[in-house]
Each structure stands twice: as C-alpha cells, then as structure tokens.
Amino acid sequence: MDEIPVAARAANIEYAIRDVVVPATVLEAEGHEIIKLNIGDPIAYPGLPTPSHMIEAFKDSLSRGETGYSPSYGLAELRVAIAEDETNKGWNCSPDDVYVCHGVTEALQIIFTATLEAGTKVLAPGPHYPPYMAYPQLYGAQTIEYRLDSENGWRVDFDDIEAKMDDSVRLLVLINPNNPTGNVANSDEIDRMISIAEKWPNCMIVADEIYDELDFTDTQTSVASRSQSVPIFVLNGVSKVYYAPGWRIGYMALHDPTNRLGAVRDGIERLLRSRLCASTPAQMGYLAGLTQSRDWMDGYTQNVLAKRDLCLKRISEIDGLEVQRPGGAFYMFVRLTDPHWAEDDKKFVLDLLHSEHVLVVHGSGFSQQMGNGHFRLVYLAEPDVLNEAFDRIERFLQRSR
C-alpha cells in the first residue's frame, strides 16, 4: 500500500538547530563523544544552573499541590510581576497586557495565528531564529528577510527594510539581542524602526527580547518604551537570562499606545483559552526569579562574557575563520573565509561533525541567503572544552586545504 501523505505544511518545516542533532545522535550511538556547541540551552553546560531559589519555589508549588490548571492568561501574581518588570523598562504595562505562554515559541504561534492570513507578510531579520521563517507559512503568510550588515556588526539595514515594506506587512520583527549574531540594536535604531512601521497603519512590531539581560553593550532598550504610535508585541520569558529553558514559560505583553489592538487582543485571548494554560508550578518558579534578588545575574554574566572573549581570541588566531564581536546573547555567527567551505556551510558542519565530532549549526539554517558561509556556535561550554573544540576546528580546516 502507498504511504499516507503528510501535509506539506509539516513536511516543509526545517529547524536547523535541532536537525543537526540527528546525525550527531547516530555517532553517539556508535560510541563517539560529541562536543555540542549547537543548542542555546544554558543548562546543557556546567556552571550555569537554574538559580536555587527559583527551583525551591517550583518545588514548593508542587509540594502545595499546585498541579492543576492555572488561568489561561497566566497566574495573576505572575502577570503582576511581569507587568512591574516591563514598567521598570520604561513603558506603562498593566497585568492585563501580559499573557503567559509555553515559552516565546508558543507566544509567536499565537501572534501569527491572530494576525496573519493568506497574502500577508512578516518582515524578519536575516539571519534570524528559524521559527520566524517556519511558522508564518502555516497561515498562508510569507516571511521576507531584511538584511543585517555582516560587515558592520550585523546592524540593521534600514534602507532594506524601507524597500521591502508595503501594505501586506503585518509584523516587523526585531530580535534584540539577536539570535544568531549577537547584535544589539540601540535606542536610535529602535526609533528608526518605529518611524518606518508607523507609515503603515496595519503594521505591528514584534520585539523579541528574550536575551535582554545578556547585553554587554549597555545599549539594549525596550522597544515598547520607545513607541508612542506603533503597537508592540513584547516577547520574553524564563529560558535564557533566568537559565530555565526546560520550564517552557514565556510571555507576550501588548503595548497598544493608540488603542488599535482590540480585535487582535480578543483573538489572542480566544486562542489562549482554547489551549488551556501554561505549567502552574513552573510559573511559580519564574515568579520567584522576578520578585527575589537578581544579584546572582552579575556572576553569570561575567562567566558568559569571559567565554565570549576566549572564543574571540581563538577565532582571531585561526586561518579560515572570522567573526563580528557579538554584543549580547551567547552566540557567535562565524564566517568561513576558507574558499573551500565559504559556499557550503552545511557540508562544513556535517564534515566537521563526522571528522572531529564537534557540533555547530550551519549559518544557512538561519537564512539561506544571508546566513550562508557562516556557522553558529554557542559559547557557554567550559574553557577547556571550548579550547578543545577550536583545536579540532583548526585541525579540520588545515587538513581540508
């Protein structure tokens, strides 16, 4: 009998960060140990555990039997804490503006479902986090990439945004700090993006700020705090700067300065009710992170920064690689300057994996056009592991010449 067909919307989905794990798993099953620098999970690396007070709050919630459904929009006390945190970033956020989700990924799916239809567009940075390309097509929409300048710290090319804007663009995306490049947009750049979006009445901005506390430039700014005209979807959560990605708790906060999101808000709330709720005890863990001392963050940030600087030094010493200094998050988007690999970054990643058992992600997985000729690495491993990985990468490059 013939195979039952799969829906094209599923068959066409690609997620490079986890797709490269498939061949790595085969090698592990054969007994090989892989140095994994592919996935942005801080818990996968020693020295960056979820803070103990957050874990205790999670456990205490379980002990109290708080294992039932929570309200569909999130626990009231957590929504209050998130609203206070957002207000401290410079805009008037009410608890009613906050919606707790199964991570930022679910928040994105809900935003796309509520705002996109056939023929509409999302304008997202290239390179970008893969779901911005994968999900809009599920709703008949299209993602158009705007250029980040690889020669200038991956800064936003505003002329390119201007050229690609039209009436069909519903969502203009800013990932700040950026994944995968680590670029941080400052307030002047944010203001310019808002000034472009306000020319198009049906355009809203998605401000993905999940790495906002991992900013080494001191220039990261809340997009919502800058907008007096354009609606903003603020995205954030517990995964990255609170070091608890497996809890799957994130949120969207709606900034609606001109009161135009009534119908969209109603659609979002209907969708949230239909999918029930986020994890109750995990929300209590996040609440502890928001309401208790954050003094621990300084030590974690210094840990990350030292590893970033180690990687910058090693890359500068390897013929065939170069990188723009990332200003935030914990990724490097490394350029392959060796002509043998510059036009086939995916083959570089797979051959490196099989030859030297180092796992990174091909840049074209973040953008076929604007990520090609690069690879992304996560620089959270211990210094000896990072040094060993770079020794292997250098050896691989030398051998392939």
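Restricting attention to segment 341-353, and to residues there that are of a type in the set (D, E, K, R) and outside any loop (DSSP other than H, G, I, E, B), which single residue is surrounded by the fewest Cβ atoms within 10 Å (Cβ to Cβ)?
Step one: list which residues in segment 341-353 are of a type in the set (D, E, K, R), which gives 343-347, 351.
Okay, now just the ones that are also outside any loop (DSSP other than H, G, I, E, B), so 345-347, 351.
Working: Asp345: 24, Lys346: 18, Lys347: 12, Asp351: 14.
Going through the qualifying residues, I end up with Lys347.
Taking Met252 as the residue in question, decide whether it is outside any loop (DSSP other than H, G, I, E, B), in contact with an Asp or Glu (Cβ under 7 Å, 6 or more places away or on another chain) and modelled with pLDDT of 95 or more. Before the answer, list the steps.
On the way: outside any loop (DSSP other than H, G, I, E, B): yes; in contact with an Asp or Glu (Cβ under 7 Å, 6 or more places away or on another chain): no; modelled with pLDDT of 95 or more: yes.
Spelling it out, it is not the case that Met252 is outside any loop (DSSP other than H, G, I, E, B), in contact with an Asp or Glu (Cβ under 7 Å, 6 or more places away or on another chain) and modelled with pLDDT of 95 or more.
Scan segment 276-298 and report the pairs whose first residue is more than 12 Å from Ala81 (Cβ to Cβ) and whose second residue is among the charged types (D, E, K, R) and modelled with pLDDT under 95, with Cβ atoms within less than 6 Å and a gap of 6+ or a chain change.
Here the result reads Thr280/Glu66; Pro281/Glu66, each pair linking segment 276-298 to a residue that is among the charged types (D, E, K, R) and modelled with pLDDT under 95.
Yes or no: Ile43 modelled with pLDDT under 95, over 16 Å from Ala282 (Cβ atoms) and either not assigned by TED's automatic domain parsing to the domain that holds Asp97 or not hydroxyl-bearing (Ser, Thr, Tyr) (or both)? Even if it seems obvious, please write down each step before you answer.
On the way: modelled with pLDDT under 95: yes; over 16 Å from Ala282 (Cβ atoms): no; either not assigned by TED's automatic domain parsing to the domain that holds Asp97 or not hydroxyl-bearing (Ser, Thr, Tyr) (or both): yes.
The answer is no for Ile43.
Within the set of pairs 6+ apart or on separate chains, which have a first residue in segment 139-158 that is closer than 14 Å to Pro180 by Cα, a second that is surrounded by fewer than 19 Cβ atoms within 10 Å (Cβ to Cβ) and among the aromatic types (Phe, Trp, Tyr), and C-beta atoms under 6 Å apart?
none
Could you tell me whether segment 224-246 includes any residue that is part of a helix (DSSP H, G or I), more than 25 Å from Gly140 (Cα to Cα) and modelled with pLDDT under 95?
Within segment 224-246, the first condition is being part of a helix (DSSP H, G or I), and the residues that meet it are 224-226, 245-246.
Filter once more, so that each one left must be more than 25 Å from Gly140 (Cα to Cα): 224-226, 245-246.
Those still in the list that are modelled with pLDDT under 95 too: 245-246.
Checked against the condition, which is being part of a helix (DSSP H, G or I), more than 25 Å from Gly140 (Cα to Cα) and modelled with pLDDT under 95, segment 224-246 yields at least one hit.
Residue check, Tyr73 against (1) in the same structural domain as Val349 (by TED's automatic domain parsing); (2) at pLDDT 90 or above; (3) at negative phi, all met but one. Which one?
(1)
Just need a number here: residues in segment 384-394 that are surrounded by 13 or more Cβ atoms within 10 Å (Cβ to Cβ) and either out of contact with any Leu (no Cβ under 7 Å at 6 or more places or on another chain) or not aliphatic (A, V, I, L, M) (or both).
In the first step, residues of segment 384-394 are kept if they are surrounded by 13 or more Cβ atoms within 10 Å (Cβ to Cβ); the result is 385-394.
From what is left, the residues that are either out of contact with any Leu (no Cβ under 7 Å at 6 or more places or on another chain) or not aliphatic (A, V, I, L, M) (or both) are 385, 387-388, 390-392, 394.
The total comes to 7.
Say we look at segment 268-316 and pick out the residues that are touching a helix residue (DSSP H, G or I) at 6+ places or on another chain (Cβ under 7 Å) and more than 30 Å from Asp256 (Cβ to Cβ); which of these is surrounded by the most Cβ atoms within 10 Å (Cβ to Cβ)?
Among those residues, the one meeting the criterion is Cys311.
Quick grid of which residues meet (1) in a loop (DSSP other than H, G, I, E, B); (2) touching a residue at least 40 places away in the same chain (Cβ under 8 Å); (3) not assigned by TED's automatic domain parsing to the domain that holds Pro127:
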position	(1), (2), (3)
Phe333	no, yes, yes
Ser355	no, yes, yes
Ser367	yes, yes, yes
Asn372	yes, no, yes
Leu377	no, yes, yes
Leu380	yes, yes, yes
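Identify all residues within segment 197-224 that are surrounded by fewer than 19 Cβ atoms within 10 Å (Cβ to Cβ) and either under 25 Å from Leu380 (Cβ atoms) or not polar (S, T, N, Q) (or both); write none if there are none.
Step one: of segment 197-224, the residues surrounded by fewer than 19 Cβ atoms within 10 Å (Cβ to Cβ) are 198-202, 213, 217-219.
Answer for segment 197-224, where residues must be surrounded by fewer than 19 Cβ atoms within 10 Å (Cβ to Cβ) and either under 25 Å from Leu380 (Cβ atoms) or not polar (S, T, N, Q) (or both): Glu198, Lys199, Trp200, Pro201, Glu213, Thr217, Asp218, Thr219.
Quick check on this structure: which one of Asp319, Asp338 is farther than 25 Å from Pro125 by Cβ, outside any helix (DSSP H, G or I) and in contact with a strand residue (DSSP E or B) (Cβ under 9 Å, 6 or more places away or on another chain)? Quick ask: steps written out before the conclusion?
Numbers: Asp319 fails: in contact with a strand residue (DSSP E or B) (Cβ under 9 Å, 6 or more places away or on another chain).
After applying the criteria, what remains is Asp338.
Could you list, in sequence order, the residues of segment 190-221 that are assigned to a strand (DSSP E or B) and without any contact (Cβ under 8 Å) to a residue 40 or more places away in the chain? Walk me through it before giving the result.
Narrowing segment 190-221 to residues assigned to a strand (DSSP E or B): 204-208, 215.
Matches in segment 190-221: Ile205, Ala207.
Looking at this structure, is Val264 in a loop (DSSP other than H, G, I, E, B), at pLDDT 95 or above and of a type outside the set (Asp, Glu)?
On the way: in a loop (DSSP other than H, G, I, E, B): no; at pLDDT 95 or above: yes; of a type outside the set (Asp, Glu): yes.
No: the conditions fail for Val264.
Looking at this structure, is Asn92 buried (at least 17 other Cβ atoms within 10 Å of the Cβ) and either over 26 Å from Phe375 (Cα atoms) or under 16 Å from the mean Cα position of the chain (by Cα) (or both)?
Numbers: buried (at least 17 other Cβ atoms within 10 Å of the Cβ): no; either over 26 Å from Phe375 (Cα atoms) or under 16 Å from the mean Cα position of the chain (by Cα) (or both): yes.
No; evaluated as a whole, the condition is false for this residue.
Would you confirm, using the coordinates I've provided, whether Leu108 is within 30 Å of Ala7 (Cα to Cα) and under 22 Å from the mean Cα position of the chain (by Cα)?
Details: within 30 Å of Ala7 (Cα to Cα): yes; under 22 Å from the mean Cα position of the chain (by Cα): yes.
Against the criterion (within 30 Å of Ala7 (Cα to Cα) and under 22 Å from the mean Cα position of the chain (by Cα)), Leu108 qualifies.
Considering only residues of segment 24-63 that are in contact with a Leu (Cβ under 6 Å, 6 or more places away or on another chain) and in a helix (DSSP H, G or I), which is surrounded by the fewest Cβ atoms within 10 Å (Cβ to Cβ)? Please lay out each step first, then the result.
Taking segment 24-63 as the starting set, the residues that turn out to be in contact with a Leu (Cβ under 6 Å, 6 or more places away or on another chain) are 24, 34, 36-38, 42, 45.
Pick out the ones that are also in a helix (DSSP H, G or I) and you get 24, 42.
On the way: Ala24: 19, Pro42: 24.
It comes out as Ala24.
Return the residues of segment 69-90 that are assigned to a loop (DSSP other than H, G, I, E, B) and closer than 21 Å to Arg294 by Cα; say none if nothing qualifies. Explain how you work it out, then say what you get.
Quick first cut of segment 69-90, residues assigned to a loop (DSSP other than H, G, I, E, B) only: 69-75, 88-90.
Once the filter is applied, which keeps residues that are assigned to a loop (DSSP other than H, G, I, E, B) and closer than 21 Å to Arg294 by Cα, segment 69-90 yields Asn88, Lys89, Gly90.
The values are calculated or read from the model by the stated rules, or taken from the named source; none is laboratory data. All of these numbers come straight from a predicted model, not from anything done at the bench. Heads up, the Cβs are rebuilt from the backbone with ideal geometry, glycines too, and the neighbour counts pull from every protein chain shown.
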